[in-house]
Amino acid sequence: MKVTLVSRSGREFINGGLELPDSATVADLQEAIYKRTKKFYPSRQRLTLPVPPGSKERPVVLNYKKSLKDYSDEKQNKLTVVFKDLGPQVSYSTLFFFEYLGPLILYPIFYYFPVYKFFGYGEDRVIHPVQTYAVYYWCFHYLKRITETFFVHRFSHATSPFSNVFRNCAYYWLFGSYIAYYVNHPLYTPVGDLQMKIGFGFGLVCQLSNLYCHIILKNLRNPDGSGGYQIPHGFLFNIVTCANYTTEIYQWLGFNIATQTVAGYVFLVVATSIMTNWALAKHRRLKKLFDGNEGRPKYPRRWVILPPFL
Amino acid sequence: MASALTVLRRLYLSIYNWLVFIGWFQVLFLALKALKESGHEHVYNAVEKPLLLAQSAAVMEILHGLIGLVRSPVSSTLPQIGSRLYLTWGILWSFPEIRTHILVTSLVISWAITEIIRYSFFGMKEAFGFAPSWHLWLSRYSTFLVLYPTGISSEVGLIYFALPYIKASEKYCFRMPNKWNFSFDYFYAAILALGIYVPGSPHLYHYMLGQRKRALSKSKKE
């Protein structure tokens with residue numbers, strides 16, 4: 001089968017196109033492109049079917065598992081594919097590992113080492129119990145996240161643009177340091193004992209619920225990674241679409257109730273708004289996909305992320 | 001009744017733009033007068049009132065964008081006005097020791113020329129309904145080539161030279177311990193502001209260059 005490759009401007013991307021066996025899959029095509037161009041490894045390639053000029057439709061993205069025959073012109077046994085370079089990519093596992101590593105290492109530095117003398121404070125310091133529980137709670141949280149990255153999550157896309165490394169690490173590392181600075185400060189004022197216990201207790205319950213949510217999400221997808229979207233169900237997903245985000249937000253709320261810093265609450269607000277954006281998109285996508293037509297189930301009425309507000 | 005609202009909108013915006021134009025014209029006039037008669041150390045005192053008024057009035061423009069009276073996105077007007085208000089109130093007004101610095105003169109003149117051009121441009125558009133001749137229009141998209149670097153350097157310079165006064169005065173600082181475990185140090189905030197100018201200024205300048213290219217190529221087509 002002859003495959004013609006064009007760029008989005010219509011120019012031929014590989015002169016003369018590529019010749020592939022009739023039974024070849026999209027993955028084989030990606031390999032062939034990589035072999036030929038040497039620069040564009042498969043995860044950098046975005047291959048779509050051409051869209052008629054002026055059409056507002058979103059182009060069909062080629063699925064790497066499907067065979068080329070599923071997309072080609074049957075009679076003429078050829079195929080035209082539009083190529084786009086997504087730029088250098090990094091695997092999600094790598095990205096997540098480095099963004100979580102920062103908080104995991106930076107926060108304890110403020111707890112264990114006399115860093116405050118560089119800010120002009122003396123070396124004597126009284127460590128309150130809440131500060132000790134906080135460093136354990138925090139480290140447990142990020143260790144949990146790293147573990148989930150490697151053993152639980154099933155990513156719908158294998159990679160993310162490399163530039164996200166700087167953006168994401170800046171977010172986690174800067175906020176992590178900002179919060180750590182205040183919670184471990186020599187002039188830190190702890191809250192009452194009961195408030196601390198309620199905060200950490202509630203936070204821990206939410207962290208464990210969050211883990212369970214992630215396990216449920218993992219089991220929604222087939223192990224061979226054929227992905228696709230399912231209607232989440234079970235546990236809190238029966239009432240809220242993004243129960244995983246809900247539990248994550250409440251988990252941070254627990255931490256803040258226990259530690260009470262403006263820095264922590266600022267982080268909570270920012271994180272909540274980011275997750276809310278994601279949740280709205282996901283909820284919308286699921287409702288559109290599961291519209292009840294043509295035998296598809298209809299997406300049930302559910303909260304998006306934070307009952308009873310949204 | 002839509003046309004009555006349109007008329008009202010145009011009337012309001014004309015008055016707004018021309019009033020602020022007059023304010024900035026005063027700033028430029030008084031600045032040059034003081035420079036000639038008394039020297040750069042006295043420029044601030046001469047322009048203080050119209051400067052504070054004209055610059056603070058710009059807050060209205062955020063409102064205009066929010067309620068849809070004008071098309072400018074809030075995301076671009078907010079940082080611009082924010083930095084202006086920071087310099088005007090947060091540095092010049094708050095720390096009198098910096099007012100005699102020569103950079104105050106370059107700052108005030110750069111700002112004043114830029115704003116005179118900008119407000120008269122919008123004033124004419126709202127009042128007379130048309131963009132002025134391409135020649136005046138060109139000055140709007142060309143003077144920034146010089147005025148942005150001079151203005152931004154003056155801003156950065158003044159913040160930098162004000163740092164010792166900021167640190168010594170302890171103004172606008174909120175200290176620990178307190179029950180919210182919160183602190184704010186105006187000195188470190190100023191250093192952070194300087195840090196933002198480093199990527200922020202080339203980004204802004206690039207954006208203006210792009211706008212200029214687009215505007216000039218559009219006029220060529222017409």
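None of the figures in this text is laboratory data; all of them are computed from the coordinates on show. Not measured: the values here are computed from a predicted model. Cβ placement follows ideal geometry from the backbone for every residue including glycine, while neighbour counts extend to all protein chains displayed.
Worth a mention:
- Segment A:94-126, subset of a type in the set (D, E, K, R) and in contact with a helix residue (DSSP H, G or I) (Cβ under 9 Å, 6 or more places away or on another chain), residue nearest to A:Cys139 (Cα to Cα): A:Glu99
- Answer from A:Arg285, A:Arg302 - the residue that is among the charged types (D, E, K, R) and buried (at least 18 other Cβ atoms within 10 Å of the Cβ): A:Arg302
- Qualifying residue in segment B:157-170 (condition: of a type in the set (Val, Ile, Thr) and loosely packed, with under 15 Cβ neighbours inside 10 Å): no
- Within the option set B:Leu216, B:Leu138, being over 30 Å from B:Leu103 (Cβ atoms) and either assigned to a helix (DSSP H, G or I) or under 20 Å from the mean Cα position of the chain (by Cα) (or both) holds for one residue only, B:Leu216.
- The set of residues in segment A:41-63 being in a loop (DSSP other than H, G, I, E, B) and surrounded by 17 or more Cβ atoms within 10 Å (Cβ to Cβ) consists of A:Leu62 alone.
- Residues of segment A:211-223 that are surrounded by fewer than 16 Cβ atoms within 10 Å (Cβ to Cβ) and among the charged types (D, E, K, R): A:Lys218 alone.
- Residue list for segment B:13-41, restricted to those being in contact (Cβ under 8 Å) with a residue 40 or more places away in the chain and out of contact with any Gly (no Cβ under 7 Å at 6 or more places or on another chain): B:Leu13, B:Tyr16, B:Val20, B:Trp24, B:Phe25, B:Val27, B:Leu28, B:Ala31, B:Leu32, B:Leu35, B:His40, B:Glu41
- Residue list for segment A:158-175, restricted to those being touching a helix residue (DSSP H, G or I) at 6+ places or on another chain (Cβ under 7 Å) and either within 18 Å of A:Ile216 (Cβ to Cβ) or not in a helix (DSSP H, G or I) (or both): A:Ala158, A:Thr159, A:Ser160
- Qualifying positions in segment B:178-213 - in a helix (DSSP H, G or I), over 21 Å from the mean Cα position of the chain (by Cα) and surrounded by 15 or more Cβ atoms within 10 Å (Cβ to Cβ): B:Tyr186, B:Phe187
- A:Leu208 being touching a residue at least 12 places away in the same chain (Cβ under 8 Å), surrounded by fewer than 20 Cβ atoms within 10 Å (Cβ to Cβ) and away from chain B (no Cβ under 14 Å): no
- A:Glu99 surrounded by fewer than 17 Cβ atoms within 10 Å (Cβ to Cβ), acidic (Asp, Glu) and within 30 Å of A:Leu174 (Cα to Cα): no
- Residue satisfying all of: in segment A:230-259; β-branched (Val, Ile, Thr) and within 14 Å of chain B (Cβ to nearest Cβ); nearest to A:Val304 (Cα to Cα) among these: A:Ile257
- Among the candidates B:Tyr141, B:Tyr205, residue that is away from every other protein chain (no Cβ under 14 Å) and either closer than 18 Å to B:Leu87 by Cβ or of a type in the set (D, E, K, R) (or both): B:Tyr205
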